[in-house]
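Notes for the one structure printed next.
The values are calculated or read from the model by the stated rules, or taken from the named source; none is laboratory data. Small disclaimer: the values here were computed from a predicted structure and weren't measured. Methodologically, a virtual Cβ is constructed for each residue, glycine included, from the backbone with ideal geometry; neighbour enumeration extends over all protein chains shown. All accessible areas refer to the heavy atoms of the entire protein, side chains included, with ligands and DNA or RNA removed. Shrake-Rupley method; radii C 1.70, N 1.55, O 1.52, S 1.80 Å.
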Amino acid sequence: MEALLCKKLGDPTVPVTENSPVVVTRTHPLPGLHSPAAVRVRIKATSLNYANYLQILGKYQEKPPLPFIPGSDYSGVVDAVGHGVSKFKVGDPVCGFASLGTFAQFIIVDQADLIGVPDGCDLVQAGALPVAFGTSHVALVHRANLTSGQVLLVLGAAGGVGLAAVQIGKVCGAIVIAVARGAEKVKYLKELGVHHIVDLANENVIPSIKEFLKARKLKGVDVLYDPVGGKLTKESLKLLNWGAQILIIGFASGEVPLIPANITLVKNWTVHGLYWGSYKLHRPGVLEDSIGELLSWVVKGLIKIHISHTYSLSEANLAFAAIKDRKAIGKVMIVLDDFRTVRSKL
């Protein structure tokens, strides 16, 4: 089968050649059913997340032995099943999340790790959903218990997890403030009906948000959703209410912020670390329920999964470059099977 293989750590944005960190192989062994509960999925689409980029660089917290096939969330069609499989049959559309191995034509997973894709949900969109929307849903719904009327501040709001957080915030009835950079990103956020947007290209976060809060007669921010870190986190802390909740999602800025414990104590803040992937080990039922609800929201039209760029496996370096250079609005996807290249205008 065709697969993208990481043979050495390094920059995955360089052109794919026999000497690059990732290479395309068309002779990788087709995985066999290794247990009665195993399911082989023919992958239709797999999502690029910032974590995938960091993992190939060797900068992610989980460092698999080389060589490995990267990739995490995906969608596809059931190709074969073990004799003990009861939940799925050949031909069923499914999506899921794996620790590795989705940048390939086929993957073997246990039936417990698959979720059926309902009628009316596009498979490519379903492949973009688990990590980005799953992270934001678990963070906002299960951890922060976001409720109607609360003020939600989303940093990095035009990225994969950011756009998910914005939409989930609106479904929950929150007043959503989004921080992004650039006219195209701001335009799309406006189309989603965000209540206030800060364009970092020409605005400062604190005065812009304070002016909005004052006009709405709001005291401050109740929930901070932060996949960025660095200076932006430090500035955002000045906007938080007493009793606010801080969701630490990641550090796209490359800088881990320091949250002062003394102010956290005085202001009664709650700080949540959110490593979504670990829920698969510790709270798998939460993940299944979360993704199931998200898929139902897609069918109902409550949320939209915006695919910014799609590429083939052989164009993986371009896909990683879109992530690295922050060109994407929403999700970047690798699409297999009946692939047609789509290019963003960015």
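A few notes on this one:
- Here the condition is being open to solvent by 30 Å² or more (accessible area, probe 1.4 Å) and modelled with pLDDT of 95 or more; of Gly292, Gly243, Gly220, Gly285, it holds for Gly243 alone.
The rows are residues; the columns are (1) within 25 Å of Leu295 (Cα to Cα); (2) among the aromatic types (Phe, Trp, Tyr); (3) open to solvent by less than 40 Å² (accessible area, probe 1.4 Å); (4) in contact with an Asp or Glu (Cβ under 7 Å, 6 or more places away or on another chain).
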position: Ala126; (1), (2), (3), (4): yes, no, yes, no
position: Pro130; (1), (2), (3), (4): yes, no, yes, yes
position: Val141; (1), (2), (3), (4): yes, no, no, no
position: Ala165; (1), (2), (3), (4): yes, no, yes, no
position: Lys170; (1), (2), (3), (4): yes, no, no, no
position: Glu203; (1), (2), (3), (4): no, no, no, no
position: Lys234; (1), (2), (3), (4): no, no, no, no
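- Within region 1-56, the set of residues being within 19 Å of Ala98 (Cα to Cα), hydrophobic (A, V, I, L, M, F, W, C) and open to solvent by 10 Å² or more (accessible area, probe 1.4 Å) comprises Met1, Leu5, Leu30, Leu33, Ala37, Ala51, Leu54.
- Residue within region 229-242 that is under 21 Å from the mean Cα position of the chain (by Cα), under 23 Å from Ile168 (Cβ atoms) and free of Cβ contacts under 8 Å to residues at least 40 places away in the same chain present: yes
- Of all residues making up region 246-269, the number that are of a type in the set (Val, Ile, Thr) and loosely packed, with under 14 Cβ neighbours inside 10 Å: 3
- Residue count for region 62-99, restricted to those that are in contact with a Phe, Trp or Tyr (Cβ under 8 Å, 6 or more places away or on another chain) and in a loop (DSSP other than H, G, I, E, B): 5.
- Every listed requirement among (1) under 17 Å from Cys172 (Cα atoms); (2) open to solvent by 10 Å² or more (accessible area, probe 1.4 Å); (3) not hydroxyl-bearing (Ser, Thr, Tyr) is met by Val151 save one, (2).
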